[in-house]
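Right, one structure below, let's go through it.
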């Protein structure tokens, strides 16, 4: 092997060699990777503790090369609270899907935010329950077809989607809330920047951060990955506008 | 040694802190409201964490997190709240995390009432949540014992990496009695499995999910062997006035204390009754009870429910025709005279 090789691109140390169970074209792999890059770049791998959700990312403890626990469905913010309050100098994050965070775990996320827990939440919004094969999620778009809204989500019957960043922005305990998407390379880079800021704020003890990532589920959306990115760009981003919803951390 | 006057809630909370508990999360519910109130002052004072959670569900999951991080962690509640915690308790058992859960039992089912009850015996001793698991369950009968058994609960939880339930009731929660306090723990057990950041070691993970065929079955058998070990080693019980007895009363917790008074009165009337009191409800002291039952023809089981420990007595004694039951469900507390009447009747 050549000495003094400078790698321009390699697998982050914060990822294991495990092959993921994710479907071809799924956004989880991209998000895991940029999170791992951020954790490497910040040099916090050895003091990071992650909380995996129930759903497709449940096996995150096999993919991340640092301490990870599972949590009951919707409960990661409560579990994160227990860990962070017990070990305040560690970096604690939750990785949650839309069903986990905005349906069964709505109370947990709102109150963790209200308490201003100094944690980082990575919220992956792909508008469906992926692991259970594509039922309606709290973020399923009006008109969107799922296995429990086969004729499309009818808001008169199925209710309206929840905009998490907007909702949490009303809570004083939050410090940083941004919604990004991963349908293009510039957007992936933007997402990485947001995730890095969220972790940096935690390192600086600034408080509660959440990055909502508009992601895809080609398998359950029943479309090829390229088309699923188009769906994020045109349909999801219209209902869930990307942007910074709160940034009280700058200069704090 | 100097004694202090404490309520059951205060005694349990103080026992926890002195046992090295550094994390408490709870939610108000009668009759255990003094518990979070006391913890809200004492935890910060002793360098620990107090959180008033948004729900019992959240509280037990905060305890899950703190336990995963290696802290001695606990929550307290009363029956309806304990039902809500069952999801978390199942995860604690599946993930083999130590934690202490105090249940100041009130009448049920449903919202029930706020008076003392023993109606959560099945829930506590049979697992309570989903899956094939057990929780160590300890039942005190005095405020002193609430204190002592809370202290012990943390050691048992760590020793077996399993949730421990302290099953008391609304009476013990609110009653004031003198308590002798133990010195605080100095050294707590090391937890190599805890999530503390992977500096200098391979990453740890905590999970109860085993999707590969056969792996969960192996995990469940491993848990079963642990429960068997607990069963063999951790049975606690007391006997009173059993040396010359003609009949045996079996009772636990508050109810046993009232039954003991009934037995004392019976003795004055030359009725030779004895008392067997299980302190560990799971593991149930079956062998000891069986041996004691062989000395008498008749056994009276007294509980503040419709007959739950009764099942365990029947399993231990086997001969059901000798077993009689007197119960007061729905928050009813028997008087010594009521129990005395039953002693005479059988």
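Do we find that residue A:42 is surrounded by fewer than 24 Cβ atoms within 10 Å (Cβ to Cβ), in contact with a helix residue (DSSP H, G or I) (Cβ under 7 Å, 6 or more places away or on another chain) and more than 14 Å from chain B (Cβ to nearest Cβ) in this structure?
no
Take residue A:223 and decide whether it is more than 15 Å from the chain's Cα centre (by Cα) and in contact (Cβ under 8 Å) with a residue 60 or more places away in the chain.
Here the answer is no, as residue A:223 does not meet what is asked.
Being under 26 Å from residue B:107 (Cβ atoms) and at pLDDT 95 or above: is that true of residue B:317 here?
So residue B:317 fails the test.
Determine whether the stretch B:81-93 contains at least one residue that is within 11 Å of another protein chain (Cβ to nearest Cβ), buried (at least 24 other Cβ atoms within 10 Å of the Cβ) and part of a loop (DSSP other than H, G, I, E, B).
no
Only one of these conditions is not met by residue B:207: (1) without any contact (Cβ under 8 Å) to a residue 60 or more places away in the chain; (2) within 14 Å of chain A (Cβ to nearest Cβ). Which number is it?
(1)
Inspect the stretch A:115-134 for any residue being at the interface with another protein chain (Cβ under 9 Å from one of its Cβ atoms), more than 23 Å from residue A:25 (Cβ to Cβ) and either buried (at least 22 other Cβ atoms within 10 Å of the Cβ) or in contact with a strand residue (DSSP E or B) (Cβ under 9 Å, 6 or more places away or on another chain) (or both) and give the result as yes or no.
For the stretch A:115-134, residues at the interface with another protein chain (Cβ under 9 Å from one of its Cβ atoms), more than 23 Å from residue A:25 (Cβ to Cβ) and either buried (at least 22 other Cβ atoms within 10 Å of the Cβ) or in contact with a strand residue (DSSP E or B) (Cβ under 9 Å, 6 or more places away or on another chain) (or both): present.
Which fully enclosed strands (runs of 3 or more DSSP E) of the stretch B:1-75 have 2 or more residues being more than 14 Å from every other protein chain (Cβ to nearest Cβ) and touching a residue at least 60 places away in the same chain (Cβ under 8 Å)?
Numbers: elements: B:3-7, B:21-26, B:49-52.
Per the criteria, B:3-7.
When you scan the stretch A:157-247 for helices (runs of 4 or more DSSP H) that lie fully inside it, which ones turn up with 1 or more residues that are out of contact with any strand residue (DSSP E or B) (no Cβ under 6 Å at 6 or more places or on another chain), crowded, with 18+ Cβ neighbours inside 10 Å and at pLDDT 95 or above?
A:185-203, A:218-221, A:225-231
On the basis of being under 25 Å from residue A:68 (Cα atoms) and out of contact with any strand residue (DSSP E or B) (no Cβ under 6 Å at 6 or more places or on another chain), does residue B:121 make the cut?
Working: under 25 Å from residue A:68 (Cα atoms): no; out of contact with any strand residue (DSSP E or B) (no Cβ under 6 Å at 6 or more places or on another chain): yes.
So residue B:121 does not fit the description; no.
Table: residues versus (1) assigned by TED's automatic domain parsing to the domain that holds residue B:164; (2) under 19 Å from residue B:237 (Cα atoms); (3) surrounded by 24 or more Cβ atoms within 10 Å (Cβ to Cβ); (4) touching a residue at least 60 places away in the same chain (Cβ under 8 Å).
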| position | (1), (2), (3), (4) |
| --- | --- |
| B:247 | no, yes, no, yes |
| B:284 | no, yes, no, yes |
| B:298 | no, no, no, no |
| B:340 | no, no, no, yes |
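Are any residues in the stretch A:65-88 more than 7 Å from every other protein chain (Cβ to nearest Cβ) and either surrounded by fewer than 24 Cβ atoms within 10 Å (Cβ to Cβ) or under 10 Å from residue A:119 (Cβ atoms) (or both), and if so, which ones?
Selection gives A:73, A:76, A:77, A:84, A:88.
Any idea which of B:253, B:331 is under 19 Å from the mean Cα position of the chain (by Cα), at pLDDT below 95 and within 30 Å of residue B:157 (Cα to Cα)?
B:331
Would it be correct to say that residue B:225 is closer than 23 Å to residue B:155 by Cβ, within 25 Å of the chain's Cα centre (by Cα) and assigned to a loop (DSSP other than H, G, I, E, B)?
Judged against the criteria, residue B:225 is not a match.
The values are calculated or read from the model by the stated rules, or taken from the named source; none is laboratory data. Quick caveat, the model's predicted, so the values are computed rather than measured. Cβ coordinates were reconstructed from backbone atoms using ideal geometry, including for glycine residues, and neighbour counts include every protein chain displayed.
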